[in-house]
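Read-outs throughout are calculated quantities, based only on the coordinates presented, and are distinct from any laboratory measurement. As the structure is a computational prediction, the values presented were derived from the model and not from experiment. Quick reminder, even Gly has a Cβ in these numbers, built from the backbone with ideal geometry, and neighbours come from all protein chains shown.
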Amino acid sequence: MRVIVVKNKEEMGKRAGELIAAEMRKKPHFVLGLATGSTPLPLYQELARLNKKGVIDFSTTVSFNLDEYVGLPGDHEQSYRRFMDENLFNHININKKNTHVPDGMAKDISAFCDQYEQMIDDVGGIDVQVLGIGSNGHIGFNEPGSSLGSLTRIKTLTPTTIQDNARFFARKEDVPTMAITMGIGTIMKAQKVLLLANGANKADTVAAALEGPVTSKCPASALQLHRYATFVITEDAAAKLTLPHE
Ligand code: PGA
């Protein structure tokens with residue numbers, strides 16, 4: 001594991017952007033795995049900046065997002081499709097047809113999940129998967145207790161996640177209770193994973209994920225078994241790490 005500790009979230013976005021740009025320059029038909037949440041926003045601003053400067057080109061990039069709420073159409077203001085359009089896709093030269101976010105309105109969710117998994121395999125797999133980490137250790141919506149070998153499927157959100165995400169909805173009751181998410185096994189299949197974390201509220205979870213036991217109680221701990229995992233973490237979120245890092 002490569003653990004890079006940076007001063008603040010702006011620096012987190014820049015370092016993560018540099019790492020992705022270096023990978024994108026190696027491979028024209030790049031397959032980028034993307035995440036939602038507040039953590040990757042500085043990264044998305046950096047990717048848009050690098051794209052405008054001509055440092056990276058998304059015209060042949062294919063993207064797959066980790067997850068989407070069940071029951072929210074793509075144009076709902078809290079859907080992850082809308083989040084991605086507003087925070088990244090509308091600001092880079094990606095072809096929207098090549099951007100994939102799970103369909104929260106799929107009629108046959110199980111068939112859709114199998115199809116999503118197949119679509120990732122059909123383009124040769126994900127080159128770099130961007131991840132945030134939930135306060136309960138989730139990656140994507142793989143809540144504690146998720147099978148470490150799981151593939152794309154429907155998950156029920158835990159009360160902690162519903163509470164964490166309630167800030168984006170008018171009322172806590174409006175937060176969807178289920179989501180479609182890539183599994184931990186899907187994430188582990190990516191060539192490289194890049195997890196970002198910032199904020200003192202993530203310090204215990206980051207320490208559990210990086211230095212605790214590998215356990216489904218902390219789904220992000222599965223990344224200790226990934227062959228190429230990089231973590232870009234702000235000082236406050238890294239405060240409880242004990243092992244040496246960059
Ligand atoms: P956050 O969410 O980036 O908004 O903290 C992270 C997550 O739930 O994966």
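A few notes on this one:
- Condition broken by Asp122, with the remaining ones in (1) touching a residue at least 40 places away in the same chain (Cβ under 8 Å); (2) farther than 19 Å from Gly149 by Cα satisfied: (1)
- Scanning region 114-137 for residues that are of a type in the set (S, T, N, Q), in contact with a strand residue (DSSP E or B) (Cβ under 6 Å, 6 or more places away or on another chain) and within 10 Å of the ligand (Cβ to nearest atom) yields no hits at all.
- Test: residue in region 101-115 that is closer than 16 Å to Met178 by Cβ, touching a Lys or Arg at 6+ places or on another chain (Cβ under 8 Å) and not in a loop (DSSP other than H, G, I, E, B): yes
- Exclusive hit being surrounded by fewer than 17 Cβ atoms within 10 Å (Cβ to Cβ) and at negative phi, set Ala35, Ala22: Ala22
- Test: residue in region 45-65 that is among the aliphatic types (A, V, I, L, M) and closer than 30 Å to Lys217 by Cβ: no
- Screening Gly17 against (1) surrounded by fewer than 22 Cβ atoms within 10 Å (Cβ to Cβ); (2) in contact with a helix residue (DSSP H, G or I) (Cβ under 8 Å, 6 or more places away or on another chain) leaves a single unmet condition, (1).
- Residue that is within 16 Å of the chain's Cα centre (by Cα) and more than 28 Å from Gly212 (Cα to Cα), where the choices are Gly134, Gly125: Gly125
- Scope region 138-179; condition near the ligand (Cβ under 10 Å from one of its atoms) and closer than 14 Å to Gly37 by Cα; matching residues: His138, Ile139, Gly140, Phe141, Thr161, Asp164, Asn165, Arg167, Phe168
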